[in-house]
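This report refers to the structure that appears directly beneath it.
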Amino acid sequence: MRLTVILFAFLCCTALAISAVPMAFQDQEDVRGAFLTTRPKDKPANSSTGAKPSHRKPKPSVTEKKPTNPGNQNSSSTDNKNTKTGNNSNRPTPVNTQRLGLGLTLFMRDASGLAVQADPTRVFQKGDRVRVLLETNTDGYLYIFNTTNDGPPVMIYPDANLDEAGNYLQSHVPFEIPSSLAPDERLRWFSFDETAGNERLFFVFTKEPLNGLPIDDELISLCRDSKPACPVKPTADVWAQVQSELKQPLESNTAAQNGRAQTTTEQQASTRGLGLAKDDPQPALIMMASSKSSRLVTTLDLIHK
């Protein structure tokens, strides 16, 4: 089977199954609670102008420096006092120490064209179409790689033709793969054709960008100036690191609701960047790193017989 990517539409003949990622602490009751605890209590204000959310790497904030006063010998102590009493202009940004979490839900296109939650282990037929909805519990960067029949990996997200080549996700703002906003209906789903084969998608969620892989303007320039270089193939060192981190244990919790239609809230949250609140629908599968590591790596197997 060959996996063809057109503006992030993966046209393939596959059946999805959660892959053989080491799950040392399967179905821990606290996994779902730990993931959802960072969702906001109230729904975010519907202030979107309709524009797609940006997935560009955020620019560092500029902090205005205070002018020095040589005549004031107590300036240093004054600054320290202000820091302790609530003036946080000089306070360092707190380090995020929470465990990384990733939620996934598989949706399938029904006969009427609606997206309904599907069982990843079901057998799919030619013509079936599916989409994956992802949600993270903190801000970070998402990379997706694909291998065909255990062949060489290819980076399929970020993509120079999608999201301005960005891959930055905000906490609890869901992300569709492929996007329901694609201009062509056939680009909005993974489509199953008649060719059999084994595909695997590798999801890498990380607090910092991966070294050695272009994103944003660098990726756009690379694909414009050297088209054979795209889609990007990770270096041996990068891929070895992904493979190594894939072996790290994850805690998981599954609460599938097969046949549930995707809600308007979920669809708007992912396409307009509004985010999800505590009472909104939850991911079918939630995975969390078992330690406070800076990366979470997991996979989806796409199998068609």
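The values are calculated or read from the model by the stated rules, or taken from the named source; none is laboratory data. Small disclaimer: the values here were computed from a predicted structure and weren't measured. Backbone-built Cβ (ideal geometry, glycine too); neighbour counts: all protein chains shown.
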For the range 237-280, which positions are within 16 Å of residue 204 (Cα to Cα) and of a type in the set (A, V, I, L, M)? 238, 240, 242, 246, 250
Only unsatisfied item for residue 112, checking (1) among the polar types (S, T, N, Q); (2) outside any loop (DSSP other than H, G, I, E, B); (3) more than 27 Å from residue 36 (Cα to Cα), is (2)
Condition check for residue 221: surrounded by 12 or more Cβ atoms within 10 Å (Cβ to Cβ), more than 18 Å from residue 142 (Cα to Cα) and free of Cβ contacts under 8 Å to residues at least 12 places away in the same chain: yes
Please work out which residue is surrounded by the fewest Cβ atoms within 10 Å (Cβ to Cβ), limiting yourself to the range 193-218 and to residues that are farther than 28 Å from residue 129 by Cα and among the acidic types (Asp, Glu). 208
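Look through 178, 153 and report the one residue that is within 24 Å of residue 269 (Cα to Cα) and in contact with a Phe, Trp or Tyr (Cβ under 9 Å, 6 or more places away or on another chain).
178
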Which members of the range 240-284 meet the condition of being in contact with a Gly (Cβ under 7 Å, 6 or more places away or on another chain) and among the hydrophobic types (A, V, I, L, M, F, W, C)? 269
I need a count of the residues in the range 277-305 that are touching a Lys or Arg at 6+ places or on another chain (Cβ under 6 Å) and crowded, with 22+ Cβ neighbours inside 10 Å. 3
Starting from residues that are crowded, with 20+ Cβ neighbours inside 10 Å, among the aliphatic types (A, V, I, L, M) and over 17 Å from the mean Cα position of the chain (by Cα), keep the ones in the range 101-129 and report whichever is modelled with the highest pLDDT. 115
Mind listing just one residue for me: the one in the range 167-192 that is of a type outside the set (A, V, I, L, M) and more than 18 Å from the chain's Cα centre (by Cα) and, of those, farthest from residue 129 (Cα to Cα)? 183
How about the range 245-283: which of its residues are within 17 Å of residue 117 (Cβ to Cβ), among the small types (Gly, Ala, Ser) and under 15 Å from the mean Cα position of the chain (by Cα)? 269, 270
Condition set surrounded by 19 or more Cβ atoms within 10 Å (Cβ to Cβ) and in contact with a Ser or Thr (Cβ under 8 Å, 6 or more places away or on another chain), scope the range 136-161, selection farthest from residue 176 (Cα to Cα): answer is 153
Any chance the range 162-178 includes a residue that's surrounded by fewer than 22 Cβ atoms within 10 Å (Cβ to Cβ), closer than 21 Å to residue 58 by Cβ and of a type in the set (Ser, Thr, Tyr)? yes
Near pairs, Cβ below 7 angstrom, 6+ apart or cross-chain, from the range 171-191 (in contact (Cβ under 8 Å) with a residue 60 or more places away in the chain and at positive phi) to any residue that is surrounded by fewer than 17 Cβ atoms within 10 Å (Cβ to Cβ) and not acidic (Asp, Glu): 172/38
